[in-house]
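Remarks on the structure that follows.
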Amino acid sequence: MASVDVIIQSIRETGRNAAGRPQEACSPALAKAPWEFDGVLQYGPGSSMGDVIPTGSPMQGALPEEYRTAPVDELHERIRAAKATLGDRVVILGHFYQRDEIVQHADFLGDSFQLANAAQTVPNAEAIVFCGVHFMAETADVLAREGQAVILPNLAAGCSMADMADIDSVEACWAQLEALYGTEPDADGRVPIVPVTYMNSSAALKAFCGRHGGIVCTSSNAETVLEWAFERGQRVLFFPDQHLGRNTAKKMGVELSRMPMWNPRKPLGGSSGDELLDAKVVLWHGFCSVHKRFTVEQVEQARAEHPGVRVIVHPECPMPVVDAADESGSTDYIRRAIEAATEPTTFAIGTEINMVNRLAEQHPEHTIFCLDPVVCPCSTMYRIHPGYLAWVLEELVAGRVVNRIEVPESEKADARIALERMLAAKPKPAGV
Ligand code: SF4
């Protein structure tokens with residue numbers, strides 16, 4: 001199967017995908033080179049109208065011309081040569097949602113937490129080149145050994161969901177909730193509220209959780225982490241992804257009426273004092289613009305066109321989509337579910353298109369397609385192109401570290417506490 005980039009270029013030229021079938025991309029500007037957006041504060045083509053980039057976000061400076069004009073085959077050659085020169089002084093991490101043209105150079109492929117852990121298996125590497133987005137590079141820096149440099153090839157590769165909860169808004173929210181709930185534990189020793197942040201958040205928020213008795217979760221362990229939090233608190237403040245919070249708490253039996261929203265732009269988050277007092281989970285008003293694209297109608301269409309189809313979606317999808325699907329789970333869950341299928345199966349998958357198309361390529365014994373018929377990769381992941389990877393690697397060969405992501409020391413220790421709590425949280429034994 002052609003890469004997503006090749007499909008997007010084909011759509012631009014012919015209105016058809018690389019297999020010759022009519023298809024659309026969510027933005028014609030996706031076919032442009034990512035460096036056309038360098039120096040501009042925006043997430044890039046394909047981001048949704050709801051994604052508002054914060055003014056202090058990192059911005060990529062101009063990529064040197066030689067990397068903008070080099071043919072892609074030459075860039076691949078240069079990347080391979082730089083990697084060979086650097087040897088085990090460098091490790092390249094590639095997220096599942098990266099374009100194939102990047103993934104082919106990765107030493108490790110995985111989700112954000114798998115990759116942060118993978119980096120720890122190469123303690124001799126002086127540089128960790130993280131082909132993912134900003135919060136992932138931060139997490140790698142929190143977990144890295146002293147002196148290791150974490151590099152993000154394109155600084156504009158942020159995450160619009162992570163940016164929806166900034167530390168000032170979360171601290172303002174926390175002050176209001178503490179004023180409402182107080183700080184005294186109940187008779188069972190449970191504090192009024194425990195903060196839980198999704199991995200997809202800044203290091204500042206992970207540190208906030210570390211300081212306030214809170215914890216980090218991933219989409220693989222959200223249920224275990226919420227159990228951990230409910231053992232210690234009467235309720236949870238969950239940020240930034242409302243959908244992961246709602247889908248997970250609902251699965252655990254929390255009523256929807258006890259999951260009020262917190263919109264940081266509204267007084268008391270837009271919920272009433274009574275709603276907040278009755279809350280089990282206060283949900284931050286954040287979302288992933290990639291997973292928000294999936295709809296119940298797409299699920300119904302997949303079922304109509306492919307009788308017997310197995311629909312698996314990511315829990316960042318809205319609740320009605322998760323309810324309409326057969327299963328929901330993290331990227332790793334989706335990957336393992338497909339690998340475990342012993343009979344040829346048709347899968348309709350609700351997650352980022354680079355990963356879905358790669359799974360389809362790797363599993364020709366199955367029919368695998370993305371629920372969303374429109375090609376719309378994660379706009380920020382897509383900002384990383386072989387040109388940027390070649391640039392950061394050749395700079396390393398020349399003894400220069402560019403695009404380093406460094407979490408302030410003042411945040412590192414607290415962020416590590418929240419991550420370590422997550423690692424220590426164990427699922428309850430079955431039947432308990
Ligand atoms: S897919 Fe969504 S959550 Fe993941 S990096 Fe992109 S915007 Fe962020």
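A few comments on the model shown:
- Whichever aspartates and glutamates have a C-alpha closer than 16 Å to that of LYS206, once near sequence neighbours (fewer than 8 apart) are set aside: GLU138, ASP141, ASP163, ASP166, ASP168, GLU171, ASP241, GLU406, GLU409, GLU411, ASP414, GLU420
- For the pair VAL40 and ALA84, label points projected 7 Å from Cα toward Cβ lie 3.8 nm apart.
- ³J(HN,Hα) computed for each position of region 253-262 - Karplus, 6.51 cos²θ - 1.76 cosθ + 1.60, integer Hz, glycine/proline x: x, 6, 5, 4, 5, 9, 10, x, 8, 10
- Nearest 10 degrees, 0 to 90: helix 167-181 Cα axis against the chain principal axis: 20 degrees
- Alpha-carbon gyration tensor eigenvalues x 5, square-rooted, for region 73-179, Å: 31, 16, 11
- Each residue of region 293-308 was assigned a 3J(HN,Hα) from its phi angle through the Karplus curve 6.51 cos²θ - 1.76 cosθ + 1.60 (θ = phi - 60°); the sequence is 6, 6, 10, 5, 4, 5, 5, 5, 5, 4, 5, 5, 7, 9, x, x Hz, with glycine and proline shown as x.
- Among THR69, THR197, the sequence by solvent-accessible area, most first, with a 1.4 Å probe is THR69, THR197.
- Note that the chain presents 41 Å² accessible area per residue, ligands and nucleic acids not counted, probe 1.4 Å.
- Nearest-ten-degree value, helix 242-251 long axis tilted from longest Cα axis of the chain: 60 degrees
- Radius, Kirkwood style, for region 188-325 when every pair of distinct Cα atoms is counted (Å): 15.7 Å
- Bins of 5 Å, starting at 0 and running to the largest distance - Cα pair percent for region 278-417: 2, 9, 15, 16, 14, 12, 11, 10, 7, 4, 1, 0
- Helix-only arithmetic for the chain: the sum of -39500 (n - 2.57) across DSSP H runs with n ≥ 4, divided by the residue total, places the mean residue ellipticity at 222 nm at -11500 deg cm²/dmol.
- Computed about its Cα centre, the charge dipole of the chain is approximately 240 debye, with only Lys, Arg, Asp and Glu carrying charge at their Cβ.
- At 1.002 mPa s and 20 °C, Stokes diffusion of the chain via Kirkwood alpha-carbon radius, µm² per second: 96 µm²/s
- Considering only Cα atoms, the convex hull volume of region 293-344 works out to 74 Å³ per residue.
- Size descriptors for region 147-241 (Cα atoms only): Rg and Dmax, in that order, 14.8, 51 Å.
- Whole-Hz Karplus values for region 356-370 come out as 5, 5, 5, 4, 4, 5, 6, 10, x, 6, 10, 9, 10, 9, 7 Hz, taken residue by residue from phi with 6.51 cos²θ - 1.76 cosθ + 1.60 and θ = phi - 60°; glycine and proline positions read x.
- The tail of the calculated P(r) for region 1-42, taken as Cα-Cα distances beyond 15 Å, holds 41 percent of the pairs.
- Surface share of carbon and sulfur [accessible, 1.4 angstrom probe, percent] for the chain: 51 percent
- Global form of region 368-432, assessed from the alpha-carbon gyration tensor, a/c cut-off 1.5: oblate
- Solitary cysteines of the chain, where the nearest other Cys Cβ is not under 4.7 Å: CYS131, CYS159, CYS173, CYS209, CYS217, CYS288, CYS317, CYS370, CYS378
- Computed over region 1-140, the percent of Cα pairs more than 18 Å apart is 67.
- The packing ranking, built from the mean of other Cβ atoms within 10 Å per residue, places the peptides 281-294, 84-97, 6-19 in the order 281-294, 84-97, 6-19, highest first.
- Degrees separating the helix 409-424 axis from the principal Cα axis of the chain, which is the longest one: 80 degrees
- log₁₀ of I(q)/I(0) at q = 0.25, 0.26, 0.31 Å⁻¹ - region 74-128, Debye sum with one point per alpha carbon: -1.02, -1.07, -1.22
The values are calculated or read from the model by the stated rules, or taken from the named source; none is laboratory data. All values derive from a computational prediction rather than experimental measurement. With ideal geometry, Cβ positions are generated from the backbone for all residues, glycine too; neighbour counts draw on all protein chains shown. In case anyone asks, the SASA skips ligands and DNA or RNA and just uses the protein heavy atoms, side chains included. Shrake-Rupley method; radii C 1.70, N 1.55, O 1.52, S 1.80 Å.
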